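Report on the structure given below.
The values are calculated or read from the model by the stated rules, or taken from the named source; none is laboratory data. Since this is a predicted model, take the numbers as computed values, not measurements. In this analysis, Cβ positions are derived from the backbone assuming ideal geometry, glycine residues included, and neighbour counts consider all displayed protein chains.
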Amino acid sequence: MKTEVKIAEFKSRLSAYLRSVRQGQEIVIKDRETPIARLTPYRAGGNRLGSKPATGSLKELDALFERAARPKTLKPADLEEASRETKKEYLDKWPL
C-alpha cells in the first residue's frame, strides 16, 4: 500500500513515515499536487537490472556486426542541399 504526503507533513512526521517504510509501505512525497519522490523500503542485493551470462563469444558478435547493413554515408553536397531545402521551407512560410 502506498501513502501520498505533502512535503511539510513529511518533514514534520519524518520518523513516523520512516517507520512505515521500514514495515514495507511506500511513501509518495508531493509538492502541492505534483509527485516529486517515492520512498520505498531498502532491499539488500535487490538489483533493478538483471544480468544474463554470455551466450556467445566476442568473435561471433564481431561477425554479426560485420554482416549488419551499414548506414549510407552523407557527402558534403547532400548536407548542403538538405540545409537549402530546410531554409526554403522555412522562408516559404513567411510572405515578404
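Would you check if there is a residue in the range 7-16 being surrounded by 10 or more Cβ atoms within 10 Å (Cβ to Cβ), outside any strand (DSSP E or B) and in contact with a strand residue (DSSP E or B) (Cβ under 7 Å, 6 or more places away or on another chain)? Checked the range 7-16: at least one residue is surrounded by 10 or more Cβ atoms within 10 Å (Cβ to Cβ), outside any strand (DSSP E or B) and in contact with a strand residue (DSSP E or B) (Cβ under 7 Å, 6 or more places away or on another chain).
To keep it simple, each residue is scored yes or no on (1) under 26 Å from the mean Cα position of the chain (by Cα); (2) modelled with pLDDT of 90 or more; (3) acidic (Asp, Glu).
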residue	(1), (2), (3)
LYS30	yes, yes, no
ILE36	yes, yes, no
LYS59	no, no, no
PRO76	no, no, no
GLU85	no, no, yes
LYS93	no, no, no
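Answer yes or no: is there a residue in the range 69-82 that is in a helix (DSSP H, G or I) and in contact (Cβ under 8 Å) with a residue 12 or more places away in the chain. Within the range 69-82, not a single residue is in a helix (DSSP H, G or I) and in contact (Cβ under 8 Å) with a residue 12 or more places away in the chain.
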